[in-house]
Structure formats: structure tokens, C-alpha cells
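One structure is given below, encoded as C-alpha cells.
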Amino acid sequence: MAGEPLETLRWRGAPDGASLPGALELVDQRALPLRVETLRCEDVEATWEAIRALAVRGAPAIGVAAAYGVVLGAQAARGDLADVRGAALAAAERLATSRPTAVNLFWALDRMRHAAEGFATSGHALLVALLAEARAIHDEDRAMCRAIGAHGARLLPDPARVLTHCNAGGLATAEHGTALGVIYSAVAAGKRVEVLACETRPLLQGARLTAFELRARGVPVTLLTDGMAAFAMQRGRVDAVIVGADRIARNGDVANKIGTYAHAVAARRHGLPFYVAAPSSTFDLSLEGGGSIPIEERAPEEVTTFAGVRTAPEDVAVWNPAFDVTPAELVTAIITERGVISPVGEDALLAVLGRG
Ligand code: MRU
């Protein structure tokens, strides 16, 4: 059932062909896999809510959406240069409060702030510059994921049975994905790859999104619940684990979807490689280690209900961290667009990323 990949998000200009004013259109990931719906965001608040509610999710896609959100804020000002600049900066401030863990959000907003503070001759000129910057962030994500795919594809054996968690695919990025990008590139290079997709409690990104997009792209996929992963490894059904990341500290500690750490522990126990695929925009070199990565905690209802039906006693205490941190020592390699970091540690990381 291979088909055209969905376009995760796009800037839609006016029907007369002008790109400004425009709106941000997203595949509403809350409706997948049952329905493919488009969500149109015409202002900052709609973009903020789309990010907070995971209509758009995945670290790189959140960054791209937020960049366009700044353009939406700026275009609403319709005023002189100072108005447009002020509206862009206010939008960036607001969007930065939507979700705390994926550093790509703050990376993209910093770029947009920098563009907002740059030289411009008029409000309109600044608006054009802001849209160009958002588009550059979008295009660069496409290119970074293709490069990650090329570097990572070489690491996989042929044939390969790859376990993944959450969704680090086209839906989490501009199009190709990071962890799934490695798989798509390996398949394109002729390797026979089968994927084991972990369901990813509580919001089921693995079941709803990864299984959906792998099937849409014709890659064989088997779905399992998160608790089945270690047993699959013990039974010799896994050759490698590949996941994405939301924030990577300077020492190589990796924040990713809750459940990732358990897979890394199990992979080490069974002598399997544990790969992380992420663009340079996911690294936070200001943090020495993963202990200082802010971890989002979400509503208890995500845990006490399943598909809208209550599955736990009323008033039970709930802890619902959306991400966990995998220590660098459990990560075999981090695959970036600039090359592969291995062994994982500060020196190798700075050597590949080329900044300090
Ligand atoms: O809460 P989500 O769905 O935004 O979490 C997404 C993940 O944890 C992904 O693995 C990560 O953002 C990498 S996406 C290329």
C-alpha cells in the first residue's frame, strides 16, 4: 500500500498567489490513523494550541510550526515596522510556553527572534523576511533528515529488524523523519528492513502514527505494546533499536518519549545497538547533562483513560512525564546530519557538531 507521504505542515498563501497574508495548515495528528484531517491555524493562539494539544508534534515539526506561528503573529499587526517587530517578538514569547522539552522549538524561535530584530525598511519588508526565515527552517529540516537518513542507513545490517518507539518519522518532521528517515533511506538503498513499532503509551504515537506512516510507505511493520519490547529482544527478534530525540545534552544524554530509557536498558542487556537519530537543532549544548533537561508532565487523564473511557479509579494519584532521559553510556551512536557521533560523549559530540 505504498503511497504519497502526507505533508506534515505547509504555509498556505492567499488564493491570488500571494504568500502573505497566509495560514499554517497541518495534518491534525490527533485524528490519525482513522481520518486524515487538515487543521488551519490563522493566528498565534491556534498555533500554540495545535502544539500544546499535539495536533502537530515531534521535535522538528514543532519547531517549524512555531516559526510559521511567529509569521502569523507578525502579519496580524498590519502596521509599521515597530508594530510588526513587536508582534513577532510577542508571538515568539507566547509560543515558547507551548511545550517545554523539545529544544527545536526554542531553537526555531531564537532564529525567528533574530530575524525579527534584523534590519528592515518597512513592516512589510520585515514580514517578508520572517516568512523567508520560517521557510528556511522548514527546508533545512527536509535536508537535515535526508542527510541523517544517508548516514544512518549505512549502520543497519541487511536484512534488519529494527525496533522504534514513538514517532520520529515524516509526521514528526518536515517530511522524511529522523529515526524512520534512517529506515526509509536504508530501504531506498535496497536493504530489507522490518520495523517493530512500540505502541507508546499513553498517547499511542507508535500505534497511531508510526504504524500508519510505515504502512503508507510500504515498509513492513509489526506493532507491539511497550512492555513487549524487552521480550522481543530476548527472543532474538530485534537487530537494532533506533529512536528520535527531543533534546540532547552536551554529554550525549538523550531526552525522548517516555519509555525510551527502558528500551535502551533492555538493548544493552541483550547486546543490541541503540541508535538515536537527531538533527543538530535537537542539541542543547548549554546543558552539561540530561538531569537539567526540562521534562513535560501532562494531564492525568492521559493515563486514567483509554480512548475516552475511564480505566482507573477516580482520584487515583498519577505521574505522567511525557519524556525520559537515556544516559549517554547506553547510546551506541547519535546519527546527525553532520555525521555519526560514536562513542557518545562530549568530545565526540563537539567534534561532529563543530561548535562549542
Ligand atoms: O510528545 P511527542 O509526540 O511530540 O514526542 C515526540 C518524540 O518523543 C519523538 O521521538 C521526538 O520528538 C523525535 S521526532 C523526530
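The values are calculated or read from the model by the stated rules, or taken from the named source; none is laboratory data. Remember, it's a predicted structure, so these values are computed and weren't measured experimentally. Here the Cβ is made from the backbone with ideal geometry for all residues, glycine too, and neighbour counts use every protein chain on show. When the accessible area is computed, the model is the full protein with side chains, heavy atoms only, and any ligands, DNA or RNA have been set aside. Shrake-Rupley method; radii C 1.70, N 1.55, O 1.52, S 1.80 Å.
Listing for the model above:
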quantity: The chain - convex hull of alpha carbons, volume per residue in Å³; calculated: 139 Å³
quantity: Region 115-206: radius of gyration and largest Cα-Cα distance (Dmax), Å; calculated: 18.0, 57
quantity: The chain: DSSP helices with Cα axial extent of at least 30 Å and average Kyte-Doolittle hydropathy no lower than -1.0; calculated: 123-153
quantity: Extension gain (nm, one decimal) between residue 4 and residue 306, 0.36 nm per residue minus Cα-Cα; calculated: 105.6 nm
quantity: Mean Cα-pair separation over length for region 1-152, i.e. relative contact order, pairs under 8 Å, 6 or more apart, %; calculated: 19 percent
quantity: DSSP bridge pairs, the chain: antiparallel proportion in percent, nearest 5; calculated: 50 percent
quantity: Compactness index (Cα Rg / 2.2 N^0.38 Å), region 202-310; calculated: 1.20
quantity: Alpha-carbon centroid distance for the pair region 227-302 / region 108-155, whole angstrom; calculated: 27 Å
quantity: Helix-derived mean residue ellipticity, 222 nm - over the chain, DSSP H n ≥ 4, -39500 (n - 2.57), to 500; calculated: -11500 deg cm²/dmol
quantity: Sequence ranges 331-343, 40-52, 164-176, ranked by mean other-Cβ count within 10 angstrom, highest first; calculated: 164-176, 331-343, 40-52
quantity: Reference-scaled alpha-carbon Rg (2.2 N^0.38 Å with N residues) for region 154-353; calculated: 1.00
quantity: GNM flexibility winner over the chain from 299, 143, 188 (Cα, springs under 10 Å); calculated: 299
quantity: Label-point gap, in nm, between residue 132 and residue 347 - each point 7 angstrom along Cα→Cβ; calculated: 4.3 nm
quantity: The chain - percent of accessible surface contributed by carbon and sulfur, probe 1.4 Å; calculated: 54 percent
quantity: Residue-normalised accessible area of the chain, given per residue in Å² at a 1.4 Å probe; calculated: 41 Å²
quantity: Pairs of alpha carbons in region 1-157 whose separation is greater than 26 Å (percent); calculated: 27 percent
